[in-house]
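Engineer: Input: one structure, supplied below.
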């Protein structure tokens, strides 16, 4: 199933405006559950969680900054 360019742009905007802040709150909550680890462990957890959130959405964000390929001039 292919998603149109406009739908991908709208979905990317929704992910960035709603999903990313919610994921940040969840990430901070996970680190707080670790009972204040060392700064190095905290950094590793944040980097890992920062990479993990983007992997499922790679196909949505790919090509969003380009001009609309479906648009005919």
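Bear in mind these aren't lab numbers, they're just calculated from the coordinates by the rules spelled out. No experiment lies behind these values; they were computed from the predicted model shown. Note that we place each Cβ from the backbone using ideal geometry, even for glycine, and neighbour counts take in every protein chain shown.
Engineer: Which numbered condition trips up residue 12, out of (1) in contact (Cβ under 8 Å) with a residue 24 or more places away in the chain; (2) out of contact with any helix residue (DSSP H, G or I) (no Cβ under 7 Å at 6 or more places or on another chain)?
Structural biologist: Condition not satisfied by residue 12: (2).
Engineer: Among the residues of the range 38-73, write down those that are touching a helix residue (DSSP H, G or I) at 6+ places or on another chain (Cβ under 7 Å), surrounded by 11 or more Cβ atoms within 10 Å (Cβ to Cβ) and assigned to a loop (DSSP other than H, G, I, E, B).
Structural biologist: 64, 68
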